[in-house]
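Here's the structure we're looking at; comments come further down.
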Amino acid sequence: MVVAIDGPAGAGKSTVARAVARELGFTYLDSGAMYRSVALAARERGRPPAEVAPELHIELGDRVLLDGRDVTEQIRAPEVTEAASVAAAQPPVRDAMVTEQRRLLGSGDWVAEGRDIGTVVAPEAAVKVFLTASPEARAQRRAAELGVDVATVLAEQTIRDERDTGREHSPLLQAPDAHTIDTTDLTFDEVVSAIVALVTRP
Ligand code: CDP
């Protein structure tokens, strides 16, 4: 079974998806970590992301391994975040990642998180959730996480939001059959319980 959780940056997808997976005993798929790994590899190799994407061996788990090397922390660097958002707009990069994501999701029980899981990667997902929150709330959370100021995060987030929603290929889009959960005024536990309930008491 696939539980798809999509939404914009800072809506709480990663922490929520990880907790939902733990509670259900499902495996967590962080599709953003894959785009981040492509961006990191391209930067390090000085080659276009579209060229390196199909060559990479990315393993996701407690740690993120890029061709066997632990890049868990490196892929969270601000410059990689920005480069990932640019790389993710390129069709050859998306093709390579979506193929791999579909292969993984083909067997077993998953909570998969990203921008296009419910729309493109797994349109047949049993449960689809679209997590949102006000831009200010999202920026505040991210700023607290990174220990930087809210205004800077909000400015960068706005640019990435526009790139995610405005891109031609697999834009951030809510699937018509997705349950929207606005996390602005909900606690973390409330969000996790709401999603778990959708799976266990449909
Ligand atoms: O944590 P945050 O939401 O900032 O980013 P992420 O989920 O780690 O994703 C990194 C980048 O990959 C984002 O800027 C998205 O543009 C892109 N992405 C995507 O295009 N499709 C996905 N399924 C997941 C991420």
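Structural remarks
- Using 0.36 nm per residue and subtracting the Cα-Cα separation, the extra length available between Glu124 and Leu173 on full extension is 16.1 nm.
- Proportion of all alpha-carbon pairs of the chain beyond 25 Å (%): 33
- Gyration tensor (alpha-carbon) shape descriptor, region 130-202, a/c threshold 1.5: oblate
- Model label points for Asp67 and Thr200, set 7 angstrom from Cα along the Cα-to-Cβ axis, are 4.4 nm apart.
- Of the residues Thr15, Thr72, Thr184, the one that moves most in a GNM of the chain with alpha-carbon contacts below 10 Å is Thr15.
- Val86 sits among other residues whose Cβ lies under 15 Å from its own Cβ, and their net charge, with Lys and Arg +1 and Asp and Glu -1, is 0.
- Beta bridge orientation in the chain: antiparallel %, DSSP, nearest 5: 25
- Whole-percent carbon and sulfur share, accessible surface of the chain, 1.4 Å: 54
- In region 64-98, the GluC sites (Glu not before Pro) that fall in loop regions by DSSP, at most 16 other Cβ within 10 Å: Glu73
- When the Cα positions of Gly12, Val120, Ala39 are compared along the charge dipole of region 1-131, Gly12 comes out farthest toward the positive end, with charges on each C-beta of Lys, Arg, Asp and Glu.
- Listed residues Ile58, Ile159, Ile117, most fluctuating in the chain (Gaussian network, C-alpha, under 10 Å): Ile159
- By the helix-only formula, in which each DSSP H run with n ≥ 4 contributes -39500 (n - 2.57) and the sum is divided by residues, the chain has a 222 nm mean residue ellipticity of -15000 deg cm²/dmol.
- Distance-filtered residues of region 161-194 - backbone nitrogen under 15 Å, label point 7 angstrom along Glu82 Cα→Cβ: 161, 163
- The trypsin sites (Lys or Arg not before Pro) found in region 1-100 that occupy coil by DSSP, while having at most 15 further C-beta atoms within 10 Å, are Arg63.
- Solvent-accessible heavy-atom area per residue, rounded to whole Å², over region 95-202 at 1.4 Å: 53
- Rounded to the nearest 20 debye, the dipole magnitude of region 1-147 is 220 debye, with +1 charges on Lys and Arg beta carbons, -1 on Asp and Glu beta carbons, and the Cα centre as origin.
- Rounded to the nearest 20 debye, the dipole magnitude of region 61-202 is 280 debye, with +1 charges on Lys and Arg beta carbons, -1 on Asp and Glu beta carbons, and the Cα centre as origin.
The values are calculated or read from the model by the stated rules, or taken from the named source; none is laboratory data. Note that the structure is a prediction, hence the values are computed from the model and not measured. FYI the Cβ positions are ideal-geometry reconstructions off the backbone, even for glycines, and counts take in every protein chain you see. For the accessible areas, the whole protein counts, side chains as well, though only heavy atoms, and no ligand, DNA or RNA atoms are used. Shrake-Rupley method; radii C 1.70, N 1.55, O 1.52, S 1.80 Å.
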